[in-house]
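Here's the structure, in structure tokens; my notes come after.
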Amino acid sequence: MKKNVRILATVTGLMMSFAALFGLAACGGENVPEGSTEITFWYDCGLETQSVYRELVQTYNEQHGAEDGVYVVGSRKTGISSSARTQLTGGTPPNVVMISDEVFRSYALDGLFLDLTGYYNEQPGSYSEDEIPDNMTDRFRMTVGTGGNKTVIGEGETLYGLPFSSDPLVLYYNVDYFEGQGIHIISVPEDELDAYNTEHGTNFAPHGYAEYAEGYLTGDAASLSALENLAKTQVVKVFNNAIPTNWEEFRYLCKYFTSAYNSSSPTTRAYGNEWWFAHGWSVGGDCIGWDGEKYNFTIADDTPNYLVTADGVTINGTAYTAGQTVRYEDKIAQADIASMDGVYELPSQKDALMEFLCLTCGTDFDIDGGVTGYAVAYPEARYRTEGFTAKESAIAANSFSTFISFERALGESVDMAVLYQYREYEGGSVYYDGEESFANEHLKVIGAVNPGDTEKYTGELAADGETEIKGNLTTSDAVISLVIPAKSDPEKYEAAWKFIRWAAGSEGQAILAKAGNVVPTLDSVALSDTFYSINEARNYYAPALMSRTSDVGDWGYFEDGEWVTDWSSDFNNKLRMGTQSLSEFLTANEAKAQEACASTTMRIKGWR
């Protein structure tokens with residue numbers, strides 16, 4: 001599958017001071033080759049990785065600049081990717097700057113970026129959107145509406161930025177804590193599992209976390225030791241950090257690190273997180289939904305979602321292929337969708353939201369309709385950052401860019417995994433020891449006849465026809481783009497384009513990969529040994545995969561992040577905390593959130 005050769009050495013403060021003293025961060029003037037156009041490039045990065053960005057600039061200048069007639073002067077500007085408005089509207093903005101998707105739309109609405117469409121169509125060089133996921137390219141295509149028309153974002157619209165790097169959410173875990181609970185860790189991607197089993201004589205099932213009957217595993221896995229599980233049964237516990245857990249597996253895994261369920265837990269609760277995306281988006285839901293005329297606030301939509309299980313299915317005029325989830329607009333417009341051939345019912349967005357809320361809410365708190373929480377995750381956001389570093393949480397969902405600081409604090413005790421996903425298995429995933437409650441819920445053991453069953457559990461994925469019942473594996477990420485400020489020197493537009501098409505292409509991306517805390521945007525670089533070999537001891541497959549399937553968070557759907565402020569405070573500070581029920585949350589927030597959705601001046605095409 002992977003793995004990785006080295007970690008980049010951090011640059012010491014002494015070296016940084018030396019560089020600043022002698023102007024190494026940004027030098028030009030006398031260094032510009034005769035006949036070349038000098039351009040300025042403002043980049044945003046930490047001290048640990050600025051040597052990579054310097055290498056990017058230096059490589060271009062030495063190997064491509066002469067041919068292009070361009071010389072780049074790079075300058076590190078911390079925070080500029082999300083706070084550049086003043087510089088972009090001033091008299092002398094840089095010729096190229098990194099801009100985050102978080103602020104991109106509001107800046108583009110104000111005309112701060114150069115239209116790159118003509119350059120891309122006529123002078124693409126080695127850059128091609130075909131090598132980058134649509135979920136990245138579509139964020140930086142936007143046609144500003146005039147005369148009362150909505151601004152449209154997405155495929156086919158005006159190009160203003162080239163995706164440069166992705167910072168996805170990943171699942172961090174404490175390796176020592178996992179091993180302390182007798183959990184064996186493997187790292188085999190799902191699409192490589194059959195080949196791995198054949199080569200090694202093993203019979204691992206496609207699970208993120210699984211428990212196997214003692215003596216069931218074969219080949220190289222036959223020697224894995226068994227240990228008592230929470231049901232007091234001897235099992236072999238296996239965590240595969242390259243395959244997503246399903247909802248049941250994840251919450252059961254969290255039980256091992258929650259003292260209320262496991263007296264040997266090293267932590268009070270298992271998990272730190274604050275984002276609902278991986279749950280809601282996995283079943284095809286969201287907090288907004290286009291109904292054909294306007295956006296609706298749909299975070300508690302209780303209508304079923306649907307998975308398409310056959311190619312050629314058309315729903316509300318939209319053609320789907322097997323494995324896709326149905327869009328909100330199509331499912332509500334197609335009155336007979338529940339009886340159609342080639343579709344499979346998935347949980348609603350409300351179901352997904354409830355599962356997310358159950359992780360943090362207390363076992364005695366009525367979230368909605370008598371549903372109480374699991375209390376396996378901390379409601380406070382700090383447990384995904386400082387709490388994880390302090391070893392107060394065993395698992396945390398956080399951005400890939402935090403990896404360097406986590407590794408600095410925890411060393412070999414930290415690694416990464418892909419996030420969870422809605423997945424169904426033949427015969428289900430759990431059984432109950434007594435009444436049906438989370439306290440009595442146990443994961444079915446593969447290779448055993450579990451309580452209530454008459455046959456051995458195989459752990460085989462459920463399927464409808466040839467299509468496995470799996471939702472979307474997805475979460476949020478932050479994507480940085482390279483833009484040309486509209487108010488920069490027009491005589492240098494073309495020179496700036498020649499640099500950014502190279503930096504966003506295969507050579508530039510291969511250099512960027514060395515930073516080790518962002519994912520290159522090109523598939524050919526992100527999903528390759530170039531990236532996996534950054535750190536041989538860590539699972540860089542996880543951020544690479546999550547970046548391919550991630551999307552912009554709800555704060556970035558419309559003009560800016562302001563639309564979420566009408567409801568996000570209650571969501572984060574009351575609903576997630578278990579001090580406000582879902583019905584109370586909706587009473588207080590649904591109307592104003594609906595108004596914000598319906599009044600937006602934007603129409604998102606393709607990704608929302």
>> From the list V175, V144, V170, V188, exactly one residue is over 16 Å from S481 (Cβ atoms), free of Cβ contacts under 8 Å to residues at least 40 places away in the same chain and in contact with a strand residue (DSSP E or B) (Cβ under 8 Å, 6 or more places away or on another chain). Which is it?
In response: V144
>> Of everything in region 105-121, what is closer than 16 Å to D489 by Cα and touching a strand residue (DSSP E or B) at 6+ places or on another chain (Cβ under 8 Å)? Give them in sequence order.
In response: L112, F113, L114, D115, L116
> Any idea how many residues of region 201-233 are buried (at least 16 other Cβ atoms within 10 Å of the Cβ), in contact with an Asp or Glu (Cβ under 8 Å, 6 or more places away or on another chain) and farther than 19 Å from P451 by Cα?
Replying inline: 7
> Given T325, T385, T318, which one is at pLDDT 95 or above, over 19 Å from G272 (Cα atoms) and under 21 Å from the mean Cα position of the chain (by Cα)?
Replying inline: T325
>> Yes or no: region 106-121 includes at least one residue that is modelled with pLDDT of 95 or more, in contact with a Gly (Cβ under 8 Å, 6 or more places away or on another chain) and part of a loop (DSSP other than H, G, I, E, B).
In response: yes
> Mind checking which residues of region 133-160 are crowded, with 23+ Cβ neighbours inside 10 Å and either closer than 17 Å to V519 by Cβ or touching a Cys at 6+ places or on another chain (Cβ under 9 Å) (or both)?
Replying inline: M136, T137, R139, F140
>> Which of the helices (runs of 4 or more DSSP H) found entirely inside region 515-585 contain at least 1 residues meeting this: of a type in the set (K, R)?
In response: 541-549
>> Take A510 and tell me if it is out of contact with any Phe, Trp or Tyr (no Cβ under 6 Å at 6 or more places or on another chain), under 21 Å from D134 (Cβ atoms) and among the small types (G, A, S).
In response: no
> What pairs come up if the first residue lies in region 446-464 and is under 30 Å from V308 (Cβ atoms) and among the β-branched types (V, I, T), the second is surrounded by fewer than 15 Cβ atoms within 10 Å (Cβ to Cβ) and modelled with pLDDT of 95 or more, and their beta carbons are under 9 Å apart, counting only those six or more places apart or on different chains?
Replying inline: I446/T458; T458/E426
>> Suppose the filter is out of contact with any strand residue (DSSP E or B) (no Cβ under 6 Å at 6 or more places or on another chain), under 30 Å from D477 (Cβ atoms) and in contact (Cβ under 8 Å) with a residue 60 or more places away in the chain; does S413 pass it?
In response: no
>> Considering only residues that are touching a Gly at 6+ places or on another chain (Cβ under 8 Å), part of a loop (DSSP other than H, G, I, E, B) and closer than 27 Å to A310 by Cβ, which ones fall in region 466-486?
In response: G471, N472
>> With the requirement that a residue be more than 23 Å from G369 (Cα to Cα) and in contact (Cβ under 8 Å) with a residue 60 or more places away in the chain, what does region 297-307 give you?
In response: L307
> Taking region 32-60 on its own, how many of its residues are part of a helix (DSSP H, G or I) and of a type outside the set (V, I, T)?
Replying inline: 8
> Can you name the residue in region 102-141 that is touching a residue at least 24 places away in the same chain (Cβ under 8 Å) and among the basic types (K, R) and is also nearest to W555 (Cα to Cα) among such residues?
Replying inline: R105
>> Could you check region 561-583 and list, in sequence order, the residues that are aliphatic (A, V, I, L, M) and at pLDDT 95 or above?
In response: L575, M577, L582
> Within region 318-360, which residues are small (G, A, S), over 13 Å from T303 (Cβ atoms) and in a helix (DSSP H, G or I)?
Replying inline: S339
> If S393 passes every condition in (1) out of contact with any Gly (no Cβ under 9 Å at 6 or more places or on another chain); (2) small (G, A, S); (3) assigned to a loop (DSSP other than H, G, I, E, B); (4) more than 15 Å from H207 (Cβ to Cβ) but one, which one does it miss?
Replying inline: (1)
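Looking only at residues in region 361-389 that are part of a helix (DSSP H, G or I), of a type in the set (D, E, K, R) and touching a residue at least 60 places away in the same chain (Cβ under 8 Å), which one is surrounded by the most Cβ atoms within 10 Å (Cβ to Cβ)?
Ranking the candidates gives R384 first.
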> Got a number for residues in region 439-463 being crowded, with 17+ Cβ neighbours inside 10 Å and in contact with a Phe, Trp or Tyr (Cβ under 8 Å, 6 or more places away or on another chain)?
Replying inline: 11
>> Of the residues S528, S547, only one is among the small types (G, A, S), within 24 Å of G508 (Cβ to Cβ) and in contact with an Asp or Glu (Cβ under 7 Å, 6 or more places away or on another chain); which?
In response: S547
> Quick one: in region 313-346, which of the residues that are polar (S, T, N, Q) and in contact (Cβ under 8 Å) with a residue 12 or more places away in the chain is surrounded by the fewest Cβ atoms within 10 Å (Cβ to Cβ)?
Replying inline: T321
> Name the pairs: first residue in region 239-268 and hydrophobic (A, V, I, L, M, F, W, C), second residue outside any loop (DSSP other than H, G, I, E, B) and buried (at least 22 other Cβ atoms within 10 Å of the Cβ), Cβ to Cβ under 6 Å, at least 6 apart or on different chains?
Replying inline: F239/Y209; A242/Y541; W247/E355; L253/Y209; C254/Y271
>> If I ask for residues that are under 26 Å from the mean Cα position of the chain (by Cα) and β-branched (V, I, T), which ones from region 92-106 would you list?
In response: V97, I99, V103
> Would you pick out the residues in region 253-278 that are crowded, with 20+ Cβ neighbours inside 10 Å, of a type in the set (A, V, I, L, M) and within 16 Å of N440 (Cα to Cα)?
Replying inline: L253
> So, in region 279-296, of the ones that are assigned to a loop (DSSP other than H, G, I, E, B) and touching a residue at least 60 places away in the same chain (Cβ under 8 Å), which residue ends up surrounded by the most Cβ atoms within 10 Å (Cβ to Cβ)?
Replying inline: G285
>> Looking at region 75-90, can you tell me whether even one residue there is surrounded by 21 or more Cβ atoms within 10 Å (Cβ to Cβ), in a loop (DSSP other than H, G, I, E, B) and in contact with a helix residue (DSSP H, G or I) (Cβ under 6 Å, 6 or more places away or on another chain)?
In response: no
> Restricting attention to region 390-414, which residues are among the aliphatic types (A, V, I, L, M), under 22 Å from F239 (Cα atoms) and either modelled with pLDDT under 95 or buried (at least 24 other Cβ atoms within 10 Å of the Cβ) (or both)?
Replying inline: A394, I395, A396
> Do you know which residues across region 290-310 are under 11 Å from Q594 (Cβ atoms) and either of a type outside the set (K, R) or at pLDDT 95 or above (or both)?
Replying inline: Y295, N296, F297, T298, I299
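The values are calculated or read from the model by the stated rules, or taken from the named source; none is laboratory data. Computed from a prediction, not measured in an experiment: that's the story for all the values here. Here Cβ is always computed from backbone atoms with ideal geometry, including for glycine, and neighbour counts include all displayed protein chains.
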